[in-house]
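Okay, so here's the structure we're looking at.
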Amino acid sequence: MGGSGRAERSCLGCRQVRPQSELTRYVVSPDGIALLIDYRHRLPGRGGYTCPTMGCLSHAVKRNQFQRALRAGNLQVDLAQLVIEFRNQVLQRIENLIGMARKSNQLVSGSNQFLAEVGRGRVPGLVLLAKDVSVGIGDKIRQRITASASGTPICQLFTKEHLGTLLGRDERSVVGIWQGKLSEALVLELQRYEDFAGEI
């Protein structure tokens, strides 16, 4: 326990001590054979932790740290499968956060609406551009963000159709998440996804 009262754990990869909330948790499956990612820290049982990075997970697997920390000698750890599962869980978290931003009116979608709001002085904490956005619209959005000198991150992860589906609308080329806790949480999750997938 750190001085701030927050629970702390050691990463099985780099051994750095960090707040538990900043680490990825893993548990053993009920049959004692498979390693499960407990991304939301909700599953029962003894847990092991790593930093949410490919490097730390890889080190922990190669050094058999999960078997030792979780006291599971028969544990079979497949690094490639863990990476896929981690990526899927982070992606689900990203989609959930976008849904929360929509329900709480913390976003704007559509290039015209986005540019109009930014023109009125609103500052987004994150901009999501569709992977298949047109060159013209993409350049216009990037130029506006650059001109505002806000340092707002721009990420391309979903297609126009997927963005629209997440918002319950037709295709969307751009989604702006306004500054706040939701945009900060999304930026963090997108950074984690990028480390494991390298797609953003």
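Throughout, read-outs are computed from the coordinates displayed, never taken from laboratory work. From a predicted model like this one, the values you see are computed outputs, not experimental measurements. Cβ sites come from the backbone with ideal geometry, for glycine too, and all protein chains shown count toward neighbours.
Please give the FRET efficiency for Asp170 paired with Ser10, using the beta carbon to beta carbon distance and R0 = 41 Å, rounded to the nearest 0.05. Numbers along the way, then the final one.
Numbers: r = 48 Å, r/R0 = 1.17.
The pair Asp170/Ser10 has a calculated efficiency of 0.30.
Please state the charge dipole magnitude for the chain, taken about the Cα centre, from unit charges on C-beta atoms (+1 on K and R, -1 on D and E), reported in debye and rounded to the nearest 20. Present the calculation step by step, with values, prior to reporting the outcome.
Details: 27 positive and 18 negative charges, 120 e Å.
Roughly 580 debye, rounded to the nearest 20.
Could you list Ile177, Ile37 in order of exposure, starting from the residue whose Cβ has the fewest other Cβ atoms within 10 Å? Before the final figure, lay out the partial values.
Numbers: Ile177 25, Ile37 19.
Ascending number of Cβ neighbours within 10 Å: Ile37, Ile177.
Magnitude of the Cβ-charge dipole of the range 88-197, K/R +1 and D/E -1, about the Cα centre, nearest 20 debye? Intermediate results must be reported in sequence, preceding the final value.
Values: 14 positive and 11 negative charges, 69 e Å.
It comes to approximately 340 debye.
Could you pull the Cα extents of the chain along its three principal axes, largest to smallest, in whole Å?
For the chain, the Cα extents along the three principal axes come out at 58, 38, 27 Å.
What's the center-to-center distance, using Cα atoms, between the range 98-176 and the range 2-78 in Å?
Using only Cα atoms, the two centres lie 35 Å from each other.
Hand me the tally of lysine pairs in the chain: alpha carbons under 18 angstrom apart, and the pair either on different chains or 8 or more positions apart. Each step should come with its number before you reach the end.
Numbers: Lys103/Lys181; Lys131/Lys140; Lys131/Lys160; Lys140/Lys160.
Lysine pairs, 8 or more places apart or on different chains, close enough: 4.
Among the trypsin sites (Lys or Arg not before Pro) within the range 163-200, which fall in a DSSP loop and have no more than 14 other Cβ atoms within 10 Å of their own Cβ? Spell out each step's value before the answer.
Numbers: sites: Arg169, Arg172, Lys181, Arg192; in loops: Arg169, Arg172.
Within the range 163-200, the qualifying trypsin sites (Lys or Arg not before Pro) (loop, at most 14 other Cβ atoms within 10 Å) are Arg169.
Under the classification rounded if a/c is under 1.5, otherwise prolate if a/b is larger than b/c and oblate if not, where does the range 8-77 fall, given a ≥ b ≥ c as square roots of the Cα gyration tensor eigenvalues?
On the way: a/c = 1.86, a/b = 1.24, b/c = 1.50.
Oblate.
For the charge dipole of the chain, defined by +1 on Lys and Arg C-beta atoms and -1 on Asp and Glu C-beta atoms about the Cα centroid, which residue among Ser21, Ser104, Thr152 has the Cα displaced farthest towards the positive pole?
My answer, from the dipole projection, is Ser21.
What trypsin sites (Lys or Arg not before Pro) in the range 78-157 are in a loop by DSSP, with at most 10 other Cβ atoms within 10 Å of the Cβ? Could the numbers behind the result be given before it?
Numbers: sites: Arg87, Arg93, Arg102, Lys103, Arg120, Arg122, Lys131, Lys140, Arg142, Arg144; in loops: Arg120, Arg122, Lys131.
Here the trypsin sites (Lys or Arg not before Pro) that fit, given the DSSP loop and packing criteria, are Arg120.
List every residue whose amide H lies under 5 Å from the amide H of Leu126, counting only residues 5 or more places away in sequence or on a different chain, with H placed 1.01 Å from N in the peptide plane.
Ile177
Could you give the nm distance between label points at Glu117 and Leu188, where each point is 7 Å from its Cα heading toward the beta carbon?
2.2
Charges at C-beta only: +1 for Lys and Arg, -1 for Asp and Glu. How large is the resulting dipole of the range 8-77 about its Cα centre, in Debye rounded to 20?
Charge dipole, the range 8-77, about its Cα centre: 160 debye, nearest 20.
Give the relative contact order (percent, whole number) for the range 84-200; include only Cα pairs under 8 Å separated by 6+ residues.
Working: 158 pairs, mean separation 45.6, N = 117.
That works out to 39 percent.
Which length gain, in nm to one decimal place, applies between Lys62 and Glu85 when the Cα-Cα distance is subtracted from 0.36 nm times their residue separation?
Working: separation 23, 0.36 × 23 = 8.28 nm, distance 1.79 nm.
Once the chain is fully extended between Lys62 and Glu85, it gains 6.5 nm.
Where does the chain land at 222 nm, in deg cm²/dmol rounded to the nearest 500, when only DSSP H runs of n ≥ 4 count, each adding -39500 (n - 2.57), divided by all residues?
Taken over the chain, the calculation gives -13500 deg cm²/dmol.
For Cα pairs less than 8 Å apart in space and 6+ apart in sequence, what is the mean separation divided by the residue count of the chain, i.e. the relative contact order in percent?
Details: 308 pairs, mean separation 38.3, N = 200.
This gives 19 percent for the chain.
Can you give me the convex hull volume of the Cα atoms of the range 88-197, divided per residue and expressed in Å³?
Working: hull volume 10.5 nm³, N = 110.
Measuring per residue, one finds 96 Å³ for the Cα hull of the range 88-197.
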